[in-house]
Amino acid sequence: MSEIEEMSVPDETAPHYRLHGSPDSANFVVRMILEELGVPYDYVPVDRLVLEQKSEAYRKLNPQGLIPVLEIEGQDAPMFETGAILLFLSDTHGRLAPDTFSSERGRFLKWLFFLSNTLHSDLRISFKPHRYLKDRNQLDVIAEPLMARISTSFQQIEKEIAATGGPYVLGDRLSCLDHYLAACARWAQVYGCCGDWSLKATPGMRNMLEELELRPAVRHACKQELIEGSPFVTPKAVTLPGTTT
Ligand SMILES: N[C@@H](CCC(=O)N[C@@H](CS)C(=O)NCC(=O)O)C(=O)O
């Protein structure tokens, strides 16, 4: 059975999931993984235009007022933090992450935390830099060093792909790292406001993104997230009012 066929087998024993999100926000990563795993889930739209994520009701799910949240049947609290959700889903379904005691586990974990703590966190600043400045006119102060940090992070992953021989971050094995990285590459190209970043200097990553775009689960997730065309290699922003990361 090919990997793509294998991805579409539904897991009948999966707990019930409710994903809260808004088009092309971090829930996109979680949705790609749910689609890859072939597990059923409900989707609860959060209207960012009216700042629904900051409402009292939503903050009961995530006190930070951030998207996404995944409610999981059998868990005693809703989950937030994209990286944690990916780890939970991959481990629960035994796919898209190396097993706990495998020799690749440490490598997987360090890159998952790197994506979450460093790359995604820096990207968040680049999407809304004014939140980190007293004065909007001070954007120049952080724009260049921030973009340098983001480019360096992508370069570090590019080097890892070269070291493992690719095509994926872990080498020949697809994992949720690839989906998380792909979304970061997408957002860096369409939503950053501190300078241009492109795939020109990361050919290994570009190759992985080209493959990922063809996966039925990824294409289905994009459709649900209102993402049109090539999501990662030549991405276009979702123009729905209120949609930015
Ligand atoms: N560290 C969080 C970051 C989540 C995040 O940045 N969410 C954005 C959407 S992509 C959000 O909720 N933005 C709305 C806001 O800041 O009010 C995670 O990994 O889940």
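Largest to smallest in accessible area, the residues Thr118, Thr152, Thr239 fall in the order Thr239, Thr152, Thr118 (1.4 Å probe, all protein chains included). Calculated on the Cα set of the chain, radius of gyration then Dmax: 17.5, 57 Å. Remind me, relative contact order of region 101-245 in percent, using alpha carbon pairs under 8 angstrom and six or more residues apart? Averaging sequence separation for qualifying contacts and normalising by length gives 24 percent for region 101-245.
By the Stokes-Einstein formula, at 1.306 mPa s and 10 °C, region 3-93 with its Kirkwood radius over alpha-carbon pairs has D equal to 118 µm²/s.
Largest first, how would Val190, Val46 line up by accessible area (1.4 Å probe)?
So, going from the largest accessible area down, we get Val190, Val46.
Computed from label points 7 Å out along Cα-Cβ, the spacing between Thr234 and Arg131 is 3.2 nm.
Using a 1.4 Å probe over the heavy atoms of the protein chains, calculate the carbon and sulfur portion of the accessible area of the chain as a whole percent.
53 percent
Using the Cβ-Cβ distance between Ser198 and Arg105 with R0 set to 35 Å, the FRET efficiency works out to roughly 0.60. Over what distance in Å are the Cα centres of region 21-54 and region 143-220 separated? The two parts, judged by their Cα centres, are 21 Å apart.
In the context of the full set of protein chains, the chain has a per residue accessible area of 48 Å² (1.4 Å probe).
Both radii were evaluated on the Cα set of region 105-215; the Rg over Rh quotient, with Rh as the Kirkwood radius, amounts to 1.00.
Mean residue ellipticity, 222 nm, helices only, the chain: the sum of -39500 (n - 2.57) across DSSP H runs of n ≥ 4, divided by residue count and rounded to 500, is -14000 deg cm²/dmol. Per residue, the average separation of C-alpha pairs within less than 8 Å and at least 6 apart gives the chain a relative contact order of 23 percent.
The values are calculated or read from the model by the stated rules, or taken from the named source; none is laboratory data. Since the structure is predicted, the reported quantities are computational estimates derived from the model, not experimental observations. Methodologically, a virtual Cβ is constructed for each residue, glycine included, from the backbone with ideal geometry; neighbour enumeration extends over all protein chains shown. When the accessible area is computed, the model is the full protein with side chains, heavy atoms only, and any ligands, DNA or RNA have been set aside. Shrake-Rupley method; radii C 1.70, N 1.55, O 1.52, S 1.80 Å.
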